[in-house]
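The block underneath contains the structure these notes are about, expressed in structure tokens.
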Amino acid sequence: MLSQLGIDTIRTLVMDGVERATSGHPGTAMALAPAMYAYWQFTMYYNPADPFWPGRDRFILSGGHASILLYATIFLAGVKDIEDGKVVDRPALTLEDLKNFRRFEARTPGHPEYGLTAGVEMTTGPLGQGCSSAVGMAMAERWLATRYGRPGFDLFGYHITAFCGDGDVMEGVASEAASFAGHLKLGNLTWVYDSNRISIEGSTDVTFTEDVAARFAAYGWQVLEVEDGNDVPAICAALKQGREETDRPTLIILNTIIGYGAPGKAGTASAHGEPLGMEALIGAKKAYGWPHDAPHFTVPDGIREHFEALSGKRGAEAQARWEEQFAAYCVQYPQEGRELKHIFAGTLPEGWEHNFPHYPTDAKGIASRQSSGEVLNVMATHVPWLMGGAADLAPSTRTLIKGEFSLQAPSNQGEGSGHYGGRNVHFGVREHAMAAICNGLALSGLRPFCAGFVIFSDYMKPAMRLAALMHLPVIYVLTHDSIGVGEDGPTHQPIEQFAQFRSMPGLTLLRPADANEVVESWRVAMGHRSGPVALALTRQNLPTLDRSRYASAAGVARGGYVLADCEGTPEILLLASGSEVSLVVEVYERLSAEGVKARVVSMPSFDLFDAQEKAYRDAVLPSAVRLRVGVEMASSFGWDRYIGLDGVVIAMNRFGESGAAAELMEKFGFTVEAVYTQARRLLSQQTA
């Protein structure tokens, strides 16, 4: 029977791939092969010839350790490859790629990597992230359908399915996301929960004995159960029931046996994270009725054609209908069609930079969180798919888009009611899920932002790291960026967070010094398509610098720039970021009045500055000028490469305290007098 042969082909490819790699996780992949077959062959709408088709269903393997399961399916289904963002006429994966599983520079790495392997919808591995980002994908589908749906045009309506396991369901991020998905009544979302009751340490009885079905029912999910993970008709029926439920997300509890069929391994922890060993591998193949003399990586005749005849044909026909509809839609609704093309391509509309505000010189100034909110609202008028919100902190982070609805299930009542097309997302106190959901929104073509206090980015960091790995253009609006939050005390005063951001490859941190640097920071953030951007903003007012006297804020785009200068070669450099820039400007004015040749360098982004050509960096920070003072109300970690051995960094090398901001700045040395004294000390040492 072709169905059983297709399942067993997946299983044997899984076992052979892990055995050849001498590492991997065969057990879960073996157990989930029937579910994968049932989903791919009979349920999913996906055209292997075009992995970019916007109307496709999305599949996420949240338990990324079982990656070989996805790779085997991509190979058997004949998914086409992608090069430079375009589909090319060659397979995404070959049998040789499966043989190279987990090897250096293989297209079949240990965990699925978005952008490396066509057919992989997101990078997974850290448990809970995949199923949580699937919530963002489901929100995006609902948003697109509501904003762009028109009578007679069924462009959206795709379904999102995530395979997850005991580890995913244990993770807190998945609980946050599941709660939110239930609140939003996301009927276009299904999690298939592989309940094999085994973890690395053994039976889950040692840690995980709760009633998962009751928990998800309390979240507002439809909960279904399939008693036998090998029962393809039952799995198909449950998947169908999940698609038909429109008002609730669906959890399918799938009871499986890890390492199914492997003698001495099935149902044990040893089947989870290590090769089966040749004896168990041969025994499993025998249990499947696999020919005893078949070589490793055997693909029986007709199996790939069988995938093409079922899933491939269904997906190709669905895409053809979609393409016809979309062409007609663009004729009837040209503006909406243009916007959708931008969304699908990940580009911005013409004129997106128009009408940015310019802030006049103002000694009192404005908090950068406030100017950020103003710029955000201008930006939102030009980019209709810019959307997001905060973890219950929108009034503090200034991240409400004025005049727009909240994204809510239409049936939700009370304050904050709205519809699925709303652009203001109320994430609740769910920072980790918020960041993971934004990854799903970005993977769907939208331009999401999410907001909170800088200190709470600690709860967001795992999802931010995945955004950086996937090069997703998520924007993090992070306020209350220093001891300037004062009375909130050390629990709310970030210290090490900037160093963490700067050490993360692919994440760009921007800490603007005044309102005009905020404008330029948003310009950079929106134009940056190759990774996430974090904006670190103040609660307290910042003076708006006189740009007729000092350099243009356009220098933000280069990460660091000469803000104030002297004639000839400077004797001392004053470097700072964010709120501390206005402080060093005052020191500069005082030194200049005393005849000292000083230069102020604003450093909103180490990441952007380090990416500049050496000639520019040397012009801003001349190597001959060794006297340097760096100022930042955060950890000094990372400043040494700009300050050198002869300079000094005024920074926070301990946690803060509770008190008025002015009192804290006095105590920790962030005053004009303290910085001036340090500068004068360096100058006196040079002349001594």
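The values are calculated or read from the model by the stated rules, or taken from the named source; none is laboratory data. Since this is a predicted model, take the numbers as computed values, not measurements. Note: ideal-geometry Cβ built from the backbone for every residue, glycine included; neighbour counts use all protein chains shown. Each accessible area value is taken on the protein alone, full model and side chains, heavy atoms only, with ligands, DNA and RNA left out. Shrake-Rupley method; radii C 1.70, N 1.55, O 1.52, S 1.80 Å.
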### Message
Once ligands and nucleic acids are excluded and a 1.4 Å probe is used, how much of ASP247 is accessible, expressed in Å² to the nearest 10?
### Response
100 Å²
### Task
At 1.4 Å probe size, with every protein chain present, just tell me what the per residue accessible area of the stretch 38-116 comes to in Å².
36 Å²
### Query
Convex hull volume of the Cα atoms in the stretch 267-412, per residue, in Å³?
321 Å³
#### Entry: Rounded percent of accessible protein surface that carbon and sulfur make up, the stretch 543-635, 1.4 Å probe
49 percent
#### Entry: Semi-axes of the equivalent ellipsoid for the stretch 546-613, Cα gyration tensor, largest first, Å
21, 12, 11
### Query
Using a cut-off of 20 Å between alpha-carbon atoms, which aspartates and glutamates can reach LYS341, once sequence neighbours fewer than 8 places away in the same chain are excluded?
ASP50, ASP57, GLU83, ASP84, GLU121, GLU141, ASP154, GLU323, GLU324, GLU350, GLU353
### Message
Rounded to the nearest percent, how much of the accessible area of the stretch 128-277 (1.4 Å probe, protein heavy atoms only) is carbon and sulfur?
### Response
50 percent
## Note on the structure
With 0.36 nm assigned to each residue of separation and the Cα-Cα distance removed, ASP293 to ARG549 gains 83.9 nm
### Message
Over the chain, what is the relative contact order in percent, taking alpha-carbon pairs closer than 8 angstrom and at least six residues apart?
### Response
12 percent
### Message
For the stretch 310-377, what does the accessible surface come to per residue with a 1.4 Å probe? Please give it in Å².
### Response
53 Å²
### Query
With all protein chains present, how much of the accessible area of the stretch 34-122 (probe radius 1.4 Å) comes from carbon and sulfur, to the nearest whole percent?
48 percent
### Query
So how strong a dipole does the chain carry about its Cα centre when Lys and Arg Cβ are +1 and Asp and Glu Cβ are -1, to the nearest 20 debye?
820 debye
### Loop-located chymotrypsin sites (Phe, Trp or Tyr not before Pro) in the stretch 19-70, at most 14 other Cβ atoms within 10 Å (DSSP)
PHE52
#### Entry: Nearby lysines by direct alpha-carbon distance to LYS285 (threshold 26 angstrom, same-chain neighbours under 8 apart not counted)
LYS99, LYS265
### Message
Can I get the semi-axes of the stretch 106-206's equivalent ellipsoid? Compute them from the C-alpha gyration tensor as square roots of 5 times the eigenvalues, in angstrom, largest first.
### Response
29, 19, 10
### Message
Test of understanding: what is the full-extension gain from LYS341 to PHE208, defined as 0.36 nm times their sequence separation minus their Cα-Cα distance?
### Response
43.3 nm
### Task
List the chymotrypsin sites (Phe, Trp or Tyr not before Pro) within the stretch 86-135 that fall in a DSSP loop (any state other than H, G, I, E or B) and whose Cβ has at most 15 other Cβ atoms within 10 Å.
PHE104
### Message
At 1.306 mPa s and 10 °C, plugging the Kirkwood radius over alpha-carbon pairs of the chain into Stokes-Einstein gives what diffusion coefficient in µm²/s?
### Response
59 µm²/s
### Message
I need the calculated FRET efficiency for the pair ARG90 and SER530, taking r as the beta carbon distance and R₀ as 22 Å, to the nearest 0.05.
### Response
0.30
### Residues of the stretch 199-272: accessible area per residue with a 1.4 Å probe, Å²
48 Å²
### Task
Mind checking the full-extension length gain between LYS364 and ALA557? Use 0.36 nm per residue of separation minus the Cα-Cα distance, one decimal, nm.
66.9 nm
### Summary
Longest the chain segment clear of GluC sites (Glu not before Pro) sitting in DSSP loops (not H, G, I, E or B) with at most 15 other Cβ atoms within 10 Å runs 228-349
### Query
Taking the stretch 20-114, which trypsin sites (Lys or Arg not before Pro) meet the DSSP loop condition and have no more than 15 other C-beta atoms within 10 Å?
ARG103
